[in-house]
Amino acid sequence: MQDDPRAEETHTLPPSPQVVALQDYTPADLRDIAGDDRDPFEVSALGLTWRPKEQHFGIRANNRLVAHAGWVAVPVSVAGTTLQVAGLGGVIVAPELQGRGLARLVVSAAMAQASAQGLEFGLLFCRPDRMPVYRTMGWTSLSTDITVEQPGGDLAMPLPAMWTSLGTAVPWPPGAVRLLSPPM
Ligand SMILES: CC(C)(COP(=O)(O)OP(=O)(O)OC[C@H]1O[C@@H](n2cnc3c(N)ncnc32)[C@H](O)[C@@H]1OP(=O)(O)O)[C@@H](O)C(=O)NCCC(=O)NCCS
């Protein structure tokens, strides 16, 4: 059997992979990273409507995108007070390059930008089996249930949420949480 030269090529990473801000992030970019996997985040069975991210960070290797993280400022009501948080999403690393710190790099770049723009918290939703990845990056589980917006009306979000403090170590405020947006 012949080796796939692309597969061999994509295992190569520079010693210090550089994160770059991306002008946009298309379905083709996602395919670049995830290949033929139609459901790399394993959440499509939930049938949720997601909010697109507006800021994108990536890592390229061998002229190919191999990692991505995106974020968008979203309003969230906590105990009746509305604050803007950085909604993190679309975090993904090419399968053959996982476990080499790339997710940490792109998530850090995304949250550094959100912090520089004055946002106090990062917020994300993920499957329970992905939560340890974010815990190692300093994120904390949000114990409160969250309501999110969907085309059919408000919905109790079926995935757990995590938060992180950007800048000074302010704890997430107590109280009922309602995302005034679809999840990101
Ligand atoms: C989740 C994902 C983005 C992690 O990417 P990655 O590049 O392998 O992660 P990193 O190498 O940057 O690891 C970051 C930290 O998480 C830890 N980690 C990575 N995978 C882990 C796992 N499966 N379980 C527990 N910890 C894990 C690493 O040890 C590292 O911690 P450390 O720096 O203290 O050692 C990647 O597995 C992926 O693309 N999965 C498919 C898409 C997906 O599920 N995205 C997340 C949506 S919420």
Checklist line | Rounded accessible area of ILE146 (nearest 10 Å², 1.4 Å probe) | finding: 10 Å²
Notebook entry, point to check: Ranked highest first by average number of other Cβ atoms within 10 Å, how do 126-134, 38-46 line up?
Noted result: 126-134, 38-46
Margin query: Between ASN62 and ALA28, what is 0.36 nm times their sequence separation minus the Cα-Cα distance? Round to one decimal in nm.
Written below: 10.6 nm
Margin query: Need the full-extension length gain, ALA169 to ALA73, defined as separation in residues times 0.36 nm minus the C-alpha distance. One decimal, nm.
Written below: 32.6 nm
Notebook entry, point to check: Between GLU54 and GLN150, what is the FRET efficiency for a Förster distance of 22 Å, r being their Cβ-Cβ separation, to the nearest 0.05?
Noted result: 0.65
Margin query: Would region 38-115 count as rounded, prolate or oblate if I go by the C-alpha gyration tensor, calling it rounded below 1.5 in a/c and otherwise prolate when a/b exceeds b/c, oblate otherwise?
Written below: oblate
Item checked: Residue list for region 67-87, given a label point 7 angstrom along the Cα-to-Cβ vector of GLN117 and an amide N cut-off under 12 Å -> 70-75, 84-87
Check: For the chain, what does -39500 (n - 2.57) per DSSP helix run (n ≥ 4), summed and divided by total residues, give at 222 nm, in deg cm²/dmol to the nearest 500?
Finding: -5000 deg cm²/dmol
Checklist line | Residues of region 131-184: accessible area per residue with a 1.4 Å probe, Å² | finding: 50 Å²
Next item on the list: Report the semi-axes of the equivalent ellipsoid for region 5-179 in whole Å, largest first, where each axis is √(5λ) for an eigenvalue λ of the Cα gyration tensor.
Entry: 29, 18, 14
Next item on the list: Could you tell me what percent of the accessible area of region 5-179 is made up of carbon and sulfur, with a 1.4 Å probe and every protein chain present?
Entry: 52 percent
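The values are calculated or read from the model by the stated rules, or taken from the named source; none is laboratory data. Computed from a prediction, not measured in an experiment: that's the story for all the values here. Methodologically, a virtual Cβ is constructed for each residue, glycine included, from the backbone with ideal geometry; neighbour enumeration extends over all protein chains shown. Keep in mind that these areas ignore ligands, DNA and RNA; they rest on the heavy atoms of the full protein, side chains included. Shrake-Rupley method; radii C 1.70, N 1.55, O 1.52, S 1.80 Å.
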